[in-house]
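The values are calculated or read from the model by the stated rules, or taken from the named source; none is laboratory data. Remember, predicted model here, so these are calculated numbers, not experimental data. For the accessible areas, the whole protein counts, side chains as well, though only heavy atoms, and no ligand, DNA or RNA atoms are used. Shrake-Rupley method; radii C 1.70, N 1.55, O 1.52, S 1.80 Å.
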Amino acid sequence: KVSTPQDDNEEDSVVSKDAKSSSDSDGPPPLNKDPMYAKYFKMLKVGMPMGAVQNAMQRDGVDPTIMDGDHNLPAGNKNE
């Protein structure tokens with residue numbers, strides 16, 4: 001088979017779609033599913049007040065203001 005410019009473009013588009021879909025699924029997990037923050041969400045789940053959890057985060061060297069944002073967004077997205 002002789003390769004034409006159109007064939008090359010089709011192959012590129014297939015690769016682009018595959019790369020895009022894998023990057024979407026490999027994005028950072030939501031804050032409440034992120035293993036780095038699992039300890040703090042467990043503290044909340046057992047009834048500890050948010051202030052105590054934020055104090056523990058500060059003690060551990062983790063930015064406590066991350067808990068002020070939407071817990072369903074990846075870390076770093078503080079949109080409410």
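Taking amide H as placed 1.01 Å from N in the peptide plane, ASP70 has its amide H under 5 Å from the amide H of ASN79, each at least 5 places away in sequence or on another chain. Surface composition of the range 32-80: carbon plus sulfur atoms hold 52% of the accessible area, using a 1.4 angstrom probe and ignoring ligands, DNA and RNA. Using the 1.4 Å probe convention, the accessible area of the range 27-80 works out to 65 Å² per residue with neighbouring protein chains retained. Annotation: amide H of ALA75 within the under-5 Å range of LEU31, sequence separation 5 or more or interchain, hydrogens built in the peptide plane.
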